[in-house]
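Visitor: Starting off with a structure, shown below.
The values are calculated or read from the model by the stated rules, or taken from the named source; none is laboratory data. Since we're looking at a predicted model, the values are computed, not measured. Please note: Cβ atoms are built from the backbone with ideal geometry, for glycine as well, and neighbour counts cover all protein chains shown. Ligands, DNA and RNA are excluded from the accessible area calculation, which covers all protein heavy atoms including side chains. Shrake-Rupley method; radii C 1.70, N 1.55, O 1.52, S 1.80 Å.
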Amino acid sequence: MPAAQRDIAFICSTCGTQYSASANPPRECLVCSDERQWVPASGQNWTTLADLQRTHRNAFQRLEPELFGIGTTPEFAIGQRALLVRTSDGNLLWDCISLLDDATIDIVNALGGIRTIAISHPHYYSTMVEWSRAFNAPIVLHRADAQWVMRPDPAITFWDGNSRALWSGLRLIRLGGHFAGGTIAQWSAGAEGRGALLTGDILQVVPDTRYVSFMRSYPNLIPLPASEVERIAAAVKPLQFDRIYGAWWNRHVERNAAQAVHDSARRYIEWLTGNRPLS
Ligand SMILES: [Zn+2]
Ligand SMILES: [Zn+2]
C-alpha cells in the first residue's frame, strides 16, 4: 500500500536504521532487538532525517587521493563513517550513514557522484534508500542478510556467493562472521597501488591499529567461534592488500595489514582455545 502523504520514514536513534514510511514509529527496532545490538534501558527512541538535518552535519576527510571518508558530527547512532572510492569508471559508496543533506549531495556530486552503493552488513544500511535516490545509484547487498532490510526498495539488488567483481579493481567479498552476509570490499588501487580492504565491522580495526577483531557482537562482547575466525582468516589470505580501512575515523591498519589479519586471528584463537595456534 502506498504511504500516506504525512507518513514518515522513521530512523532508530540507536542504530541509525531507517524504516519504511509509517504514520507512527515502529513498535520496536528489529536491528536493535537482536543480540548484536541493544535497546537503551530508557527505551526505544526514533528520529527523522529532517530532525537530523537540523542537529547534525557531515564531515569529510581525504584519506587518499581517491578515497574520502564521510561521517556525521556530532556522532550519531553507531558512529561509523562511510567511504567514497573514486575511479574513472564511477565511484563506489562503501557503507552508509543516516544523515544525508544538501551539502553532502553537492560535495559528493562534485567528487563524481555515486555509481553504486555497497554495504558491509545491516548495521550500516542506515538511510541507504535516501542516498540511492539522491544519486540515482543502485544498492548491492548480500542476500544472506536480506531479512535485515527494514526499508525495501526496487533499487536494492541482492547478490549471492562469496565474491562479486564491481569495476576498476573493486570487488566485494563475503566473509560472513559478524553477519551471515558480512562483506568486505577489495580495492586494488588503494594504498598507493598496494591494495586496500574496506572492512566495516567484518574485520574490525581495533584501537591498537596493528590489529583487527572478529566478533558476533561488538557492543555486547559476544565472540565468534575459533572455527569461524580460522575460516575468515583463510578466506582473506589469498587477497593482495597492504592496508585496511575499518568502520570509524582513524581506524586504519596503515601497513602490513595482511600480516595483521593473520596475527590477529592467531591471537584471538589462542585466547579462545588456549591451544590452537593458526598454522
Ligand atoms: Zn535500531
Ligand atoms: Zn556491526
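Visitor: In whole Å, what is the distance between the alpha-carbon centres of segment 40-111 and segment 154-233?
Guide: Here the two parts' Cα centres lie 20 Å apart.
Visitor: Can I ask one more? Calculate for the chain the 222 nm mean residue ellipticity that helices alone would give, adding -39,500 (n - 2.57) per DSSP H run of length 4 or more and normalising by residue count, nearest 500 deg cm²/dmol.
Guide: Numbers: 6 runs with 56 residues, N = 279.
Result for the chain, helices only: -5500 deg cm²/dmol.
Visitor: Over the Cα atoms of the chain, what is the Rg over Rh ratio if Rh follows Kirkwood?
Guide: With Rg and the Kirkwood Rh in hand, the quotient comes to 0.96.
Visitor: Next up: Just for the Cα atoms in segment 67-135, what are the lengths along the principal axes, largest first, rounded to whole Å?
Guide: Taking the Cα atoms of segment 67-135, the three principal extents are 32, 24, 22 Å.
Visitor: Here's another thing I want to ask about it. Among 125-137, 57-69, how do they line up from the highest to the lowest mean number of other beta-carbon atoms within 10 Å?
Guide: Answer by packing, highest mean first, reads 125-137, 57-69.
Visitor: How long are the semi-axes of the equivalent ellipsoid of segment 149-188, taking √(5λ) for every eigenvalue λ of the Cα gyration tensor, in whole Å from largest down? Working shown, then result.
Guide: Working: eigenvalues 76, 44, 13 Å².
Ellipsoid semi-axes (Å, largest first): 19, 15, 8.
Visitor: Note the per residue figure in Å³ for the convex hull of the C-alpha positions in segment 143-279.
Guide: 124 Å³
Visitor: Which percent of the accessible heavy-atom area of the chain goes to carbon and sulfur, probe 1.4 angstrom?
Guide: Carbon and sulfur atoms account for 49 percent of the accessible area of the chain.
Visitor: Over all Cα pairs of segment 203-279, how is the pair count split among 5 Å bins, expressed in % and running from 0 up to the last occupied bin?
Guide: Histogram of Cα-Cα distances, whole percents per bin: 3, 17, 27, 26, 19, 7, 1.
Visitor: Based on the Cα coordinates of segment 22-100, what is the per residue volume of their convex hull in Å³?
Guide: Dividing the Cα hull volume of segment 22-100 by its residue count gives 140 Å³.
Visitor: Same structure again: Please compute the per residue accessible area over the chain with all protein chains in place, 1.4 Å probe, rounded to a whole number of Å².
Guide: So the chain comes to 44 Å² accessible per residue, rounded to a whole number.
Visitor: Now a separate question. At 1.4 Å probe size, with no ligands or nucleic acids counted, give the accessible surface of ILE222 in Å², nearest ten.
Guide: Taking all protein chains as shown, ILE222 has close to 50 Å².
Visitor: On the principal axes of its Cα set, how long, how wide and how thick is segment 23-166? Give whole Å, largest value first.
Guide: Per principal axis, max minus min of the Cα coordinates gives 47, 38, 27 Å.
Visitor: Mean 1/r over all different Cα pairs, inverted: what Kirkwood radius does segment 106-164 give, in Å?
Guide: Evaluated on segment 106-164, it is 12.0 Å.
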